[in-house]
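Colleague: Let me give you the structure first, and then I'll get to my questions.
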Amino acid sequence: MKIITIGNQKGGVGKSTIACNLAVQAVTGDRRTLLIDADLEASSMDFRAIRAEKENLPQFSAVAIIKDTIHHDVRSFNDFDVALIDVGGFDGKVFRSAIMAADLFLIPVLPSLYDVWSTQETIEILKEIQ
């Protein structure tokens, strides 16, 4: 299973939007897809609930994990080709656990000074974890 975490310490950069769109693309490509919502706002879970009402759309699985055990828990989901982790916009144990789980870590950035600053802090966290 390929695990992709989408995260940045800055809120409002499109983490959930990217995670949901990647999940749709993956399931459309016949990949068994799991979306893990690790954000207290639960936007990805809301998206999944709305999509589930549309019977004509390809469906993916979704779970919420807001504990610092994501890097352990994700390995128990053996029935998937890809897992996408949408993690909230602040540093903490859950954020770091989501990064530790990742085979690939995507950091969305908007073209603003504040986003660049936050991204630098996110990269420092990534270096600490490595």
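The values are calculated or read from the model by the stated rules, or taken from the named source; none is laboratory data. Keep in mind that what you see is a predicted model, and the values were worked out from it rather than measured. Neighbour counts are summed over all protein chains in view; Cβ atoms, including those assigned to glycine, are modelled from backbone coordinates with ideal geometry. Only protein heavy atoms, including side chains, enter the accessible area calculation; ligands, DNA and RNA are left aside. Shrake-Rupley method; radii C 1.70, N 1.55, O 1.52, S 1.80 Å.
Colleague: Does Leu35 qualify as being of a type outside the set (Phe, Trp, Tyr), surrounded by 15 or more Cβ atoms within 10 Å (Cβ to Cβ) and in contact with a Cys (Cβ under 8 Å, 6 or more places away or on another chain)?
Modeller: Against the criterion (of a type outside the set (Phe, Trp, Tyr), surrounded by 15 or more Cβ atoms within 10 Å (Cβ to Cβ) and in contact with a Cys (Cβ under 8 Å, 6 or more places away or on another chain)), Leu35 qualifies.
Colleague: Can you tell me which residue is farthest from Lys10 (Cα to Cα) among those in segment 98-126 that are in contact (Cβ under 8 Å) with a residue 40 or more places away in the chain, part of a helix (DSSP H, G or I) and open to solvent by less than 80 Å² (accessible area, probe 1.4 Å)?
Modeller: Ala101
Colleague: Tally time: how many residues in segment 1-26 are open to solvent by 20 Å² or more (accessible area, probe 1.4 Å) and not hydroxyl-bearing (Ser, Thr, Tyr)?
Modeller: 13
Colleague: I've got another one for you. Mind checking which residues of segment 15-43 are assigned to a loop (DSSP other than H, G, I, E, B) and within 19 Å of Asp68 (Cα to Cα)?
Modeller: Correct list: Asp39, Leu40, Glu41, Ala42.
Colleague: Here is a follow-up. Report yes if some residue within segment 54-68 is modelled with pLDDT of 95 or more, surrounded by 15 or more Cβ atoms within 10 Å (Cβ to Cβ) and of a type in the set (D, E, K, R); otherwise report no.
Modeller: yes
Colleague: From (1) more than 18 Å from Phe80 (Cβ to Cβ); (2) buried (at least 17 other Cβ atoms within 10 Å of the Cβ); (3) at pLDDT 95 or above, pick out the condition that doesn't hold for Ala49.
Modeller: Evaluating Ala49 over (1) more than 18 Å from Phe80 (Cβ to Cβ); (2) buried (at least 17 other Cβ atoms within 10 Å of the Cβ); (3) at pLDDT 95 or above leaves (2) as the failure.
Colleague: So which residues in segment 77-98 are small (Gly, Ala, Ser) and at pLDDT 95 or above, if there are any at all?
Modeller: Ala83, Ser97, Ala98
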